[in-house]
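> Sharing a structure with you now.
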Amino acid sequence: MILKIIIGSIVGFVFGYTLQRTGITKYPRVMGLLLLKDFKILKFMLTAVTLSMIGFYTLDSLGVIELNPKPLDWGKLVGGLIFGAGMGLLGYCPGTMLSRIGEGKKDAWLGLLGTVLGILFFALNVNFFKTHLTSKSMSGDISAALGISQWIIVPIAAIVFIGIIYLVNKKVDDFKQNF
Amino acid sequence: MKLKHTKNSEWHWLTGGIIVSVLSMATYVAFQALSYKSYPFGITASFGNIATLFKHPFPGLADNPVIQKYSNSPAALISTTMIFSIALGGFVAAKLNRNYAPELIPAVWKKYHGPGIWKRFIIVLIGGFLLGLGAVIASGCTTGNILQGWAHLSLGSMVAGASFFITGIIIAKILYPKTGGQKS
């Protein structure tokens, strides 16, 4: 039990600290990304994704961990679109919302209440959502789906992610100054 | 000329990205070593754990499969702890770097939508509701579906993560049709 609290404390603290310190929690920055004017969050995100992708696939092939790709179903599309609308209205996502609460941004408390109510709404109507959105699913394993070895897919994905970082890197990083 | 590294300057995106990638991998390895296999690094579950509190005033919820899933998860205590530790991390980072600036509603919102708080509060409540609902339907938020899901190259997460941006971009454009300092 103590171990779980220690893990939760360290992981959450480092995560919340890094999000705030890198400026990811800023409302103008999240809206700047959605307005396609400020790409710092995208560059931050894709850096983390690219490095951990290489790490995850390496650890998986060494047998240290087992990859756990999320299956593909209609819920991913519909839920993703609903989530995106929420993120646009709020100007933050669940992780940054918690870090923003720590930063003293009061409206994030109301966002937290809304998020919990959204989860309760799902819980109360779980049968409806399961029947219509997540009952039929396919494996999320991309190399199985495409029939291509992960040794080819991972380098291609890395090139695509780094390519996107390179393309958006020329744009401003601090749009809030003229927002 | 502006100094690039003042005391208040933010970390570079590369620095933040490297730290989060190490954190994401370390957490995943630790969770699997401790055999919480069904439980990758994600924040949605933390909010799910808050939702389980509602079974105390509403005992009928205790039988709900979603509430039970969050209550009985082996990592429930970890994700509950993370609610507090993420907020603490944000607080300490802001305090240490002297940019702790409490505010009721964002300054940019006020500039474009006026100082009234109720409009923002209603938007935030609706936004939060959609965020929570969407995250559970898509089984993951930005952390679970992008930071973890894209790194695993999972098909479900690629669709979910791309969908986040489709509606996010549309809503942002509706809220801020004109930007770039035209209005001040």
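> Mind telling me which of B:GLY140, B:GLY48, B:GLY17 comes out most flexible in a GNM of chain B, alpha-carbon contacts under 10 Å?
B:GLY17
> Rounded if a/c is under 1.5, else prolate if a/b is larger than b/c, else oblate: which is the protein assembly as shown, with a ≥ b ≥ c the root eigenvalues of its Cα gyration tensor?
Values: a/c = 1.40, a/b = 1.15, b/c = 1.22.
It comes out rounded by the Cα gyration axes.
> Using the Karplus curve 6.51 cos²θ - 1.76 cosθ + 1.60 with θ = phi - 60°, what ³J(HN,Hα) values do you get for each residue of the stretch B:25-32, in whole Hz, with x for Gly and Pro?
Calculated HN-Hα couplings, in order: 5, 4, 5, 4, 4, 4, 4, 6 Hz.
> From the backbone phi of the stretch B:76-82, what are the Karplus-calculated ³J(HN,Hα) couplings (6.51 cos²θ - 1.76 cosθ + 1.60, θ = phi - 60°) in whole Hz, Gly and Pro given as x?
Result, ordered by residue: 4, 5, 5, 6, 5, 4, 5 Hz.
> Computed over the Cα atoms of the stretch A:7-104, what is the ratio Rg over Rh, Rh following Kirkwood?
1.01
> Now for a separate question. GNM, chain A, Cα, under 10 Å: largest mean-square fluctuation among A:GLY63, A:GLY86, A:GLY95?
Greatest mean-square fluctuation among the candidates belongs to A:GLY63.
> In the stretch B:47-148, which trypsin sites (Lys or Arg not before Pro) fall in coil by DSSP and have 10 or fewer other Cβ atoms within 10 Å? Before the final figure, lay out the partial values.
Values: sites: B:LYS55, B:LYS69, B:LYS95, B:ARG98, B:LYS110, B:LYS111, B:LYS119, B:ARG120; in loops: B:ARG98.
Filter output for the stretch B:47-148: B:ARG98.
> From the residues B:ILE170, B:ASN99, B:VAL159, which one has its Cα farthest along the dipole of chain B in the positive direction, the dipole being from +1 and -1 charges on Cβ of Lys/Arg and Asp/Glu about the Cα centre?
After comparing all options, I get B:ASN99.
> How many angstrom lie between the C-alpha centres of the stretch B:64-90 and the stretch A:96-114?
Cα centroid to Cα centroid, the span is 17 Å.
> Keeping to pairs on different chains or 8 or more places apart, tell me how many lysine pairs in the stretch B:4-134 have Cα atoms under 20 Å apart.
Going through the stretch B:4-134 pair by pair, I get 5.
> Per residue of chain B, what 222 nm ellipticity follows from adding -39500 (n - 2.57) for every DSSP H run with n ≥ 4, rounded to the nearest 500? Could the numbers behind the result be given before it?
Details: 7 runs with 107 residues, N = 184.
Computed mean residue ellipticity for chain B: -19000 deg cm²/dmol.
> Given chain A reduced to its alpha-carbon atoms as identical point scatterers, what log10 I(q)/I(0) does the Debye formula return at q = 0.09, 0.11 Å⁻¹?
Debye intensities relative to I(0), on a log10 scale: -0.44, -0.67.
> Given A:LYS43/A:LYS70; A:LYS40/A:LYS136; A:LYS40/B:LYS173, which pairs have Cα atoms separated by over 27 Å?
A:LYS40/A:LYS136
A short reminder: the numbers here are calculations on the coordinates, not readings from a lab. Just so it is clear, the structure is predicted and the values come from calculations on it, not from any experiment. Glycine gets a Cβ as well: all are built from the backbone with ideal geometry, and neighbour counts include every protein chain shown.
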